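Novice: Following this message is one structure expressed as C-alpha cells.
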C-alpha cells in the first residue's frame, strides 16, 4: 500500500516538473520574440534621406526613394505681375509623380480686393526619359552663382538642402519665365496657365 503512495507521489512530482519545464520553455520563447521585435524596431528607426540637390541635381529623380520629396518654387514675378508656382515631385511604385499648384496675384484684375488665384493641378506621372525633367534645372546651374543674385527665379529644395537660381535683370527674367512656361507646357499641354507669352493653344 505504501509502495503505491510512493509511486503516485513520484508520478505527481514528475508531472509537475514537466509542466514547469513547459512553462519555462514557453516563457523563453516569448522573451526571445519580444527581444527580436525590439531589436528590429531599433534597426528600422525613422527614415533619414540622403538625397541632396546640390549633389544630385542632374538625376535626383533616379536617386530619390518613395519616402523622398523634392519641392520646386518658381517665382515668375515681373514688375506688376506676381505668380508663384509650387512643384512637388514624389515617387510611387517606381514612377515619378508631379503635382503643380499655380498661385497668381489677381489684384490688378480685382483692384478692390487683394486676391491670389490658386489653380491646383492634378498629379501626373512623368515619363522622365534620360532625366529630362532635371535637365531643365541642371542646365541653369550657373544661375545659382553669386553674380546672378538680382531676381529669384527658382528654389529647388529637399529636406537636406536648397539650391537657389537667379536672373540678372528684367529682360533676363522675361526670357527665363518664357522658357519655364514652355518647359511646363510639355507636361501640361492643355493647361492655359502654361501658354508662353504671345502664343495660343493649338485647339483655340
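Each reported figure results from applying straightforward, stated rules to the coordinates on display, with no laboratory input. Predicted model only: the values in this text are computed from it and were never measured. No Cβ is skipped: glycine too gets one built from the backbone with ideal geometry, and neighbour counts run over all protein chains shown.
Novice: Which stretch or stretches of the stretch 77-98 have amide N atoms under 20 Å from the point lying 7 Å from residue 67's Cα along the Cα→Cβ direction?
Specialist: Zone members listed by number: 89-97.
Novice: Hey, another quick one. Roughly what would the spin-label model give for residue 88 and residue 132, points 7 Å off Cα along C-beta, in nm?
Specialist: Modelled inter-label distance: 2.6 nm.
Novice: Could you tell me what fraction of 2.2 N^0.38 Å the Cα radius of gyration of the stretch 53-194 comes to, as a two-decimal ratio? Don't skip to the end; give the middle numbers.
Specialist: Numbers: Rg = 15.5 Å, N = 142, 2.2 N^0.38 = 14.5 Å.
Normalised Rg, Cα atoms only: 1.07.
Novice: Next up: Distance in nm between label sites at residue 172 and residue 78, each 7 Å beyond Cα in the beta-carbon direction?
Specialist: 1.6 nm
Novice: Tell me the label-point distance for the pair residue 118, residue 139, using the 7 Å Cα-to-Cβ offset, in nm and rounded to one decimal.
Specialist: Between residue 118 and residue 139, the label points sit 3.3 nm apart.
Novice: Related question: Which of 152, 126, 76 comes first, and how do the rest follow, when ranked by fewest Cβ neighbours within 10 Å?
Specialist: 126, 152, 76
Novice: Fully extended, how many nm does the chain gain between residue 147 and residue 191 (0.36 nm per residue separation, minus their Cα-Cα distance)?
Specialist: Full extension from residue 147 to residue 191 adds 12.4 nm.
Novice: Report the calculated FRET efficiency for residue 59 and residue 101 (r = Cβ-Cβ distance, R0 = 25 Å), to the nearest 0.05.
Specialist: Working: r = 25 Å, r/R0 = 0.99.
Working from the Cβ atoms, E equals 0.50.
Novice: With 10 angstrom as the radius, rank 144, 62 by how many other C-beta atoms surround their C-beta, starting from the fewest.
Specialist: The most exposed by this proxy come first: 62, 144.
Novice: In which sequence would 161, 147, 105, 85 go, from the one with the fewest C-beta neighbours within 10 Å to the one with the most?
Specialist: In order of increasing Cβ crowding within 10 Å: 147, 161, 105, 85.
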